[in-house]
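So the structure is just underneath, and the comments pick up after that.
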Amino acid sequence: MRRKIETQVIVIGGGVTGAGVLRDLAVRGIKAILVEQRDLGHGTSSRNHGLLHSGGRYAVRDEEAAIESYRENIILKKTVPGSIEQTGGLFVKVPEDDDDYVQKWVSACEKVGIPVKNIPLEQAFKDEPYLSKKIQAVYSVPDGSVDCFTLVVDVVADAVTRGARALTYHEVIEIIRETNGVSGVLVRNRYTGEEIEVRGDIVINAAGPWGANLAEMAGISLHLINNKGMLAVLNHRFNRQVINRLRIPGDADIFVPAHNVTIFGTTGVNVDDPNDFSLDRQELEMMLEEGAALIPDLLNMRLIRAFSGSRPLYQESTVADTSGRSVTRGIALLDHKQRDGVDGFITITGGKLTTFRYMAEKTVDIVCEKLNIAARCTTDEEIVPHREAQSFFKEVDMAPAAKHKLFHWAGTKAEKIEQSLKQRPIDRTVICECEQVTWAEIESTLTEDSPFNLGDIRRRTRLGMGPCQGTFCSYRAAAVAVEKDAATSEQAAWALNDALNERKKGMTVVATGETAKQAQLMEAIYNVSLRLKEGANQHV
Amino acid sequence: MQNYNFLDRSFDACLKCHACTATCPVSNVSLEFGGPKHLGPELKRLTDNQQVIDDKRIELCTLCGNCDISCPENVHVSTLTAYAKAIHADIEGTKLRDHVLSNAELVGVAASAFAPITNAAMTMKPVRQVMQIVLGIPAERKFPQYRFNNFKRKYRKTTSETKRKVAYFVGCYATYNAPEVADSFVEVMKHNGIEVAVPKQKCCGVPMFANGKMEQGLKNAKYNIESLLEYTRQGYDIVLTCTSCTFAFKKEYINYLQSADAHELAKHVYDADEYLRMLKEAGEFNSNLAPMNDKAGYYAPCHMKGQGIGNPAMDILGLIPGYEIQDVAAGCCGQCGTFGFKEEKYEISMKIGKSMSEAIADADADYTVTECGMCRNQLEQLTTKNVKHPMQVLAQSYVKNLEESVHASPK
């Protein structure tokens, strides 16, 4: 007998859109369950710059997107403070770019209401010593940096504390159709193969680049442009603020400081397969060359990895535009009852990280209308618990750098983590030295119902995100996990293979110089010294 | 506070291999130190152009430079830890004791002026107990002697008239504590037909860097660079008998200042034995050395190893007929300049010194040869054998040869 779950609303997709919808539903008291094929944030939500737009980038060409961005920027800073760093941002004019655009841009920002301030060059050089000495003008905007991983995790966690449910590593294998509409989904657990039938009144397709595939399962034709962008991770966070190039938005013109690294990108190439995360060396080299106009030292900086993700851009008709840049970044909210005569099925797509809350609000407004519920959206006021924990860890004897990280990360788990740090020396051990992650933090992310997975731990703690890319911390974490009964040695070996393969993928394309050596060191440690068998029990 | 956004991005190359931590003398005997990898490249990566993170454990770094030697990627580990020290000293402030210890030169001037009293006092138990309580300098710790007739008082030549011209950077130790080393050097140069000039100079800065007094150290560095460049630009070579001063000139000035002048100076800087080895290669070395039937153990100071020039002292002393010299192949001595004079570091200093003292005891040698005055201090504390500078041995052989040839010559 197949297990069945009854709910009101089913949300497909554990990205930021799905997470936002789930939370909005929970805040309005609507029963909901989220299903995600892999871990939270597996898709586009963790494959982007992590830029909290001020709207400046869209001000000239897409006024509506600019207005939405600026409004949501202010709301998110207040409502998800734990995942946003208020770095501020700069728009920088270099000699290569159009002089006239500057005034146009300043006027457009003023019109939209984005606070723009001219920054004297000396000041800019003082704050950002890596800026090109050839720059001609600098303006500040209220950009920010978003931790996409914690954002999705925290928003879902808050929904769960309000009564929602989330099933990760559950892939939708069927959308259950009735005569006039849909009534649920069939999901399969990627680890165990178990199938679960989830029934509800409304199914929301928030699957991002996989949205067209899901719609097809419901018998609906949906044209999505999956516009793949490549991003590179720099070895260190060289900038304090977001650095944008002041020109018509193009490739390789944004640098976002993200924890201890800087994320640089991006490009835009349309692809067919939502699972296409391929990386191209030539594309990277073009990016670096372009980026050097703002940061000349970029060409000498170490890159630790690259990644790519697809922007799901929606349009009603097929238009030939391979760059995807002229397609609106606007939100597409499709009620398939109206569009295709399929009841109980809604697609929410397009949009941006910065506008995810607003997308959720609009979506849940329709849900309420359909279910005849009068609850008003309050996610513009309701705060997701902060991650600051400055009042903790004062007396814990541990590396100041690791403590520094905990101050900004521990959040609601601070008390529990502090206790374990105080009680057991092994919990104070810094497992990941690059990103200063202790065992206590790792342990705080482990759950009963999901197997030991270094990728899940990484997204929640930053384990293995630094320059060595898990060369040293992967085996340490796996060893301590086995020691502490958090994993069997078979699970640990699987987790190691899984993590290493994933890390290598991102390293290979940037693997020149130091990162090539790093990859070889990693190979030597795992395949020669530890003799880890490749490909053992690969079931996810 | 100083601006610490110095642009040393060598941390980019760190593969986290831990070679530096594995070879760090302090990490090898204590878990209290965070290790060179963490406190050097790792911390710099986390804080470059970002919020400063102060880690008190950096006090345990001795700036011995073994991390730099071991790094396969040429990360400037000790430069990064030196700056971590400076940041820490700026935030936490410098203890009175560390002010005193880092001012080796000032102490040298004062202590040598009252040398007999200073030396006597330093052996008096009650004095040392007060020093331990007030300054945190352990009573058991041996101190180098100070000399009233210091080298500065007796040697005042500031120019050289010979074909090869040597400008001698004496350093605090050979000036105030061991003028016999400086005398021997002048003697050795004389036997090679070279007149030695002593330019205006200040403490090289090594004890300041080690105590986080970066600003003061760099002030001295700039002074020395300016003073010595006047000589090198007139064709002088800069020769030193102290391996730590040499290390500063060749490496630290360049890494900390990153100036064209520092680079220019470094090209003309030689360790005394390295200089003699160069003369030998150029066919200018005076090989009239009297045989010596001594057995010596050579102890290589960390700052000697850090120069990456091999073992010039052994190369040169090996030229003395009958002289047997072997490398005792010991690691760091544990004195580490001012480090070993500090109460809270004394235990670590002794632990590090243990393997060194065992190596010396095991060596089949009559005495120990080493260049570094601070290593000598630890050697004298932890071993029973005498300690000589290579220049003393060499001078002895030259003088002996001269005496013998005088006796042998027909009347």
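The figures follow:
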| item | result |
| --- | --- |
| From the options B:Y173, B:Y223, residue that is open to solvent by 10 Å² or more (accessible area, probe 1.4 Å), under 16 Å from the mean Cα position of the chain (by Cα) and at pLDDT 95 or above | B:Y173 |
| For A:L446: the one exception among (1) free of Cβ contacts under 8 Å to residues at least 24 places away in the same chain; (2) of a type in the set (A, V, I, L, M, F, W, C); (3) surrounded by fewer than 23 Cβ atoms within 10 Å (Cβ to Cβ) | (1) |
| Boolean, A:I176 is touching a Ser or Thr at 6+ places or on another chain (Cβ under 8 Å) and part of a strand (DSSP E or B) | yes |
| Number of positions in the stretch B:56-95 that are closer than 17 Å to B:K345 by Cα, surrounded by fewer than 18 Cβ atoms within 10 Å (Cβ to Cβ) and modelled with pLDDT of 95 or more | 1 |
| Output for the stretch A:345-364, where each listed residue is open to solvent by 50 Å² or more (accessible area, probe 1.4 Å) and in contact with a helix residue (DSSP H, G or I) (Cβ under 8 Å, 6 or more places away or on another chain) | none |
| Residue match in the stretch A:95-113 (condition: in a helix (DSSP H, G or I), buried (at least 23 other Cβ atoms within 10 Å of the Cβ) and of a type in the set (G, A, S)) | no |
| Any hit, the stretch A:72-79, residues being over 30 Å from A:K104 (Cα atoms), among the β-branched types (V, I, T) and not in a loop (DSSP other than H, G, I, E, B) | yes |
| Scope the stretch A:243-264; condition outside any loop (DSSP other than H, G, I, E, B) and over 16 Å from A:V92 (Cβ atoms); matching residues | A:A258, A:V261, A:I263 |
| Helices (runs of 4 or more DSSP H) enclosed by the stretch B:288-398 - at least 2 residues per element that are under 28 Å from B:N211 (Cα atoms) and touching a Ser or Thr at 6+ places or on another chain (Cβ under 6 Å) | B:302-305, B:346-362, B:373-382 |
| Selection status of A:P467, out of contact with any Pro (no Cβ under 7 Å at 6 or more places or on another chain), modelled with pLDDT of 95 or more, on the phi < 0 side of the Ramachandran plot and within 14 Å of chain B (Cβ to nearest Cβ) | yes |
| Only listed residue being among the β-branched types (V, I, T), surrounded by 18 or more Cβ atoms within 10 Å (Cβ to Cβ) and under 19 Å from A:R162 (Cα atoms), chosen from A:V367, A:V342 | A:V367 |
| Leading residue by the ranking (farthest from B:C333 (Cα to Cα)) among those in the stretch B:120-144 that are open to solvent by 40 Å² or more (accessible area, probe 1.4 Å) and of a type in the set (D, E, K, R) | B:K125 |
| Exclusive hit being over 17 Å from the mean Cα position of the chain (by Cα), buried (at least 24 other Cβ atoms within 10 Å of the Cβ) and β-branched (V, I, T), set B:V198, B:V181, B:V188 | B:V188 |
| The stretch B:263-273, residues that are part of a helix (DSSP H, G or I) and either farther than 25 Å from B:E195 by Cα or open to solvent by 30 Å² or more (accessible area, probe 1.4 Å) (or both) | B:H263, B:E264 |
| Residue satisfying all of: in the stretch A:270-284; open to solvent by 20 Å² or more (accessible area, probe 1.4 Å) and touching a Gly at 6+ places or on another chain (Cβ under 8 Å); farthest from the other protein chains (Cβ to nearest Cβ) among these | A:N270 |
| Residues located in the stretch B:312-347, provided they are out of contact with any Pro (no Cβ under 8 Å at 6 or more places or on another chain) and among the aromatic types (F, W, Y) | B:F339 |
| Residue satisfying all of: in the stretch A:403-421; open to solvent by less than 70 Å² (accessible area, probe 1.4 Å) and among the basic types (K, R); farthest from A:R459 (Cα to Cα) among these | A:K403 |
| Matching entry among A:R424, A:R459, A:R428 (being modelled with pLDDT under 95, open to solvent by 40 Å² or more (accessible area, probe 1.4 Å) and away from chain B (no Cβ under 14 Å)) | A:R424 |
| Residues of the stretch A:489-512 satisfying the condition of being under 19 Å from A:P467 (Cβ atoms), in contact with an Asp or Glu (Cβ under 9 Å, 6 or more places away or on another chain) and in contact (Cβ under 8 Å) with a residue 40 or more places away in the chain | A:V509 |
| Hits in the stretch A:285-304 (condition: open to solvent by 20 Å² or more (accessible area, probe 1.4 Å) and within 14 Å of chain B (Cβ to nearest Cβ)) | A:P296, A:D297, A:L299, A:N300 |
| Flag for A:S83 being crowded, with 22+ Cβ neighbours inside 10 Å, in contact with a helix residue (DSSP H, G or I) (Cβ under 6 Å, 6 or more places away or on another chain), away from every other protein chain (no Cβ under 14 Å) and of a type in the set (S, T, N, Q) | yes |
| Some residue of the stretch B:155-163 being within 23 Å of the chain's Cα centre (by Cα) and either on the phi > 0 side of the Ramachandran plot or surrounded by 13 or more Cβ atoms within 10 Å (Cβ to Cβ) (or both) | yes |
| Lone unmet requirement of (1) out of contact with any Ser or Thr (no Cβ under 7 Å at 6 or more places or on another chain); (2) assigned to a helix (DSSP H, G or I); (3) more than 14 Å from every other protein chain (Cβ to nearest Cβ); (4) in contact (Cβ under 8 Å) with a residue 60 or more places away in the chain for B:L101 | (1) |
| Scope the stretch A:104-144; condition of a type in the set (A, V, I, L, M, F, W, C), away from chain B (no Cβ under 14 Å), farther than 19 Å from A:V256 by Cβ and free of Cβ contacts under 8 Å to residues at least 40 places away in the same chain; matching residues | A:V106, A:L121 |
| In the stretch B:276-287, residue least open to solvent (accessible area, probe 1.4 Å) [restricted to those that are of a type outside the set (A, V, I, L, M) and in a helix (DSSP H, G or I)] | B:R277 |
| Within the stretch B:22-46, tally of residues that are touching a residue at least 40 places away in the same chain (Cβ under 8 Å) and assigned to a helix (DSSP H, G or I) | 12 |
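For every residue, the table says whether it meets (1) touching a Lys or Arg at 6+ places or on another chain (Cβ under 8 Å); (2) surrounded by fewer than 23 Cβ atoms within 10 Å (Cβ to Cβ); (3) not in a strand (DSSP E or B).
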| position | (1), (2), (3) |
| --- | --- |
| A:L151 | no, no, yes |
| A:G163 | yes, yes, yes |
| A:E171 | yes, yes, no |
| A:V185 | no, no, no |
| A:G193 | no, yes, yes |
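The values are calculated or read from the model by the stated rules, or taken from the named source; none is laboratory data. The structure presented is a predicted model; accordingly, all values stated were derived computationally and were not measured. All Cβ positions, even for glycine, are placed from backbone atoms using ideal geometry, and neighbour counts span all protein chains on display. Note: areas computed on protein heavy atoms with side chains; ligands, DNA, RNA excluded. Shrake-Rupley method; radii C 1.70, N 1.55, O 1.52, S 1.80 Å.
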